[in-house]
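Engineer: The structure follows.
The values are calculated or read from the model by the stated rules, or taken from the named source; none is laboratory data. A quick note: this is a predicted structure, and the numbers were derived from the prediction, not measured. Cβ sites come from the backbone with ideal geometry, for glycine too, and all protein chains shown count toward neighbours. These area figures cover heavy atoms from the full protein model, side chains too; ligands, DNA and RNA do not enter into them. Shrake-Rupley method; radii C 1.70, N 1.55, O 1.52, S 1.80 Å.
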Amino acid sequence: MLPNPETSQVTIQDYLRIIKKRIWLILACVFIITTAVTVYVSQQTPMYRATASLLIDLVPPKVIGVDEVYRESLWGEPFLQTQIKLLSSLALAEKVADELRASKDSYYKNIYNLPERLRLQVRIEMPKNTQIVLLSVDDTDPLRASTIANAFVRIYMQQDVEKRNRTVKEASSWLQSQIGSYKDKLREAEEALNNYVQTNKIVDLPDIERKTQGLLEALKGEKSKLETELAEGAKRYKEQHPKIIAIKAQLEDINDKLINETNHLLELNQKLVQYNLLKKEVESSQNVYTGMLSRLKETGIAEKIETSRISVVDYAKPPEFPFKPNKQKAMQMAVIFSLIIGVGISYLLEYLDSSIRTAEDVSSYLNLPFLGYIPSVYKEAKTDSEKAVLALQGAQSQISEAFRAARTSILFATPEDKPLHIILLTSSLPQEGKSFVSSNLSIVFSQLNERVILIDMDMRRPKIHKNFNIDQKPGLSDFLTGGVDLEKIINKTSIPNLFIIPTGTIPPNPSELLSSKKIITLLEDLKGKFNRIIVDSPPVLSVADSQILSNIVDGVVLVVKGASTRLEAVDRAKKKLSEAKSGRTIGVIVNNIAPEKEDKYYYYHYYYSEEGKKVKKK
């Protein structure tokens, strides 16, 4: 389990610990997934990709000015998109198919619906911010892939040239059909101008107009002079004076001339306007006709010149290596993906795993003191009798040192003025190893030169008598029912200072028997004869015996099977024990676990002999 976030912050070391703990699961995922991908990739048919690159100019090459006559319908980005559609069109694929079928390669002749097959093989790409178009063809044969790609490029360019030439021819035909009518218009305009000049006898209208304007200005000047003289003469002469009469006669003559010249000038202006209109019509028709002749000559030249806005940057070449399957990339992705899967499964299992494994689990989730690890003993012993005396092994034994370490933790669990004379060992559920722990813990206490008595109070599934090869009867139940004396149920073992009281006859009502006052009297008598009394009791969640007994002992040790018993079960057992009036749980022993895998820090710093020498590990 991950640390409880309410009591401890999850660190990177916690995640690394999970990876180290489940490294074989991660490696198995890597091996299985990578192997599966390798097999899958090896069975795939290699595919080769041949690529040709084209440059598509948005503005076509201007060999001559024919673009003034015809214009393309698409420009810029729409034009490029149109060309891409044309490159991947079925019509182009059909022409390529016709050319390939005509080749000597029988491969193309045996394919049904070859145009659609070719169209699906083509891949068109246009790199961003360029006018380059990449045409790629995927095929199982590298030479065939390049052949198809180049066929598409070649026929596409031929179509573009043909389209342009067709446009030029259409423009030339249109010019030829129109030039005759423009020539007739020019001739009609020239004839109209000539007739007008002949009819009106016009030689040089602008010059006549200038002379008339000069004469009018002179007459106006002379009239102004005569009017001045008439005004001065009127001051000196009478109306009938000959000089006055002469001046008036001159004024009348000049006025008549002004009227005549003005009318003449108006007539000239009228003629000039019509003359200019006819002259401009001739000039306009002349310009159009000349332009048409020029364009006709240009289109004639353009028909002989093949130009295109499409040019080949690189022709497709047969690729040396397949682009898929990319074995190297597939292997890399398989390793990365399998690592992610393996680590993800490891974290998921760790999240779902609510079993007690480490000292941190005990302190974080149970809020109880941790008393020690007991390693797995399946290699050292096979039978229950062999397991019960493993603590007798030498000081170099990891198991015997583990029990001595647990003994030390128990001794330091209470102050000196409140010694633990009577210690009850229990578990949450059956098969957690409490009888194994209580047997070996009794042995290590006896090695302190203490008189230790181990009492088997599990009257439903007793094991202690089997562990030490003694008779089950008479035992505790026989004493409590008054059948035998105390001395007859105490069995001396071959181990110095260790005595055992078996369960005796299995009673029909163990809970009632264990709740009798006689059990309290028994324990008081034994306290006077032994330094340490260790009680092996039934599992807490199975029956109420342990709750009853926890009220009459000095402390309770809860045995948990590591990496097996779920936190919920241990927590319920803890709560049941806490409900007892005077019961006190002094700590937890984690049994049947590999500390070097679950808690390396504890593994390397915990197991020291009582003399302070570190025990040598395998």
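Engineer: Which is farthest toward the positive dipole end of segment 443-482 among N467, F445, F479, measuring Cα position about the Cα centre, with Cβ charges +1 (Lys, Arg) and -1 (Asp, Glu)?
Structural biologist: N467
Engineer: Okay, moving on. Please compute the length gained on full extension between I245 and E232, using 0.36 nm multiplied by the number of residues separating them and subtracting their Cα-Cα distance. Write out the running numbers ahead of the final one.
Structural biologist: Numbers: separation 13, 0.36 × 13 = 4.68 nm, distance 1.34 nm.
Here the segment from I245 to E232 would lengthen by 3.3 nm.
Engineer: If you don't mind, there's one more thing I want to ask. Rounded to the nearest 0.05, what FRET efficiency do D57 and R566 give with R0 = 56 Å and r taken as the Cβ-Cβ distance? Could you check?
Structural biologist: My answer for the efficiency is 0.15.
Engineer: Can I ask one more? Stretch K382-Q131 to full length: gain in nm at 0.36 nm per residue minus the Cα-Cα span? All intermediate terms of the calculation are to be shown ahead of the outcome.
Structural biologist: Details: separation 251, 0.36 × 251 = 90.36 nm, distance 8.05 nm.
Full-extension gain reported as 82.3 nm.
Engineer: May I pose another question? Net charge near L55: determine it from the other residues with C-beta under 13 Å of the C-beta of L55, scoring Lys and Arg +1 and Asp and Glu -1.
Structural biologist: Its environment carries a net charge of -2.
Engineer: Quick one: accessible area per residue over segment 300-448, 1.4 Å probe, rounded to a whole number of Å²?
Structural biologist: Here the residues of segment 300-448 average 49 Å² of exposed surface.
Engineer: Could you give the accessible area per residue of segment 466-574, probe 1.4 Å, as a whole number in Å²?
Structural biologist: 42
Engineer: A further question on this structure: How far, in nm, would the chain grow between D471 and S516 when pulled straight, counting 0.36 nm per residue and subtracting the alpha carbon separation?
Structural biologist: 13.8 nm
Engineer: Evaluate E = 1/(1 + (r/R0)^6) for N195 and Q43, where r is the Cβ-Cβ distance and R0 equals 60 Å; express this FRET efficiency to the nearest 0.05.
Structural biologist: Computed FRET efficiency for N195 and Q43: 0.05.
Engineer: Give me the dipole magnitude in Debye, nearest 20, for segment 322-399 about the Cα centre, with unit charges on the beta carbon: positive for Lys and Arg, negative for Asp and Glu.
Structural biologist: 640
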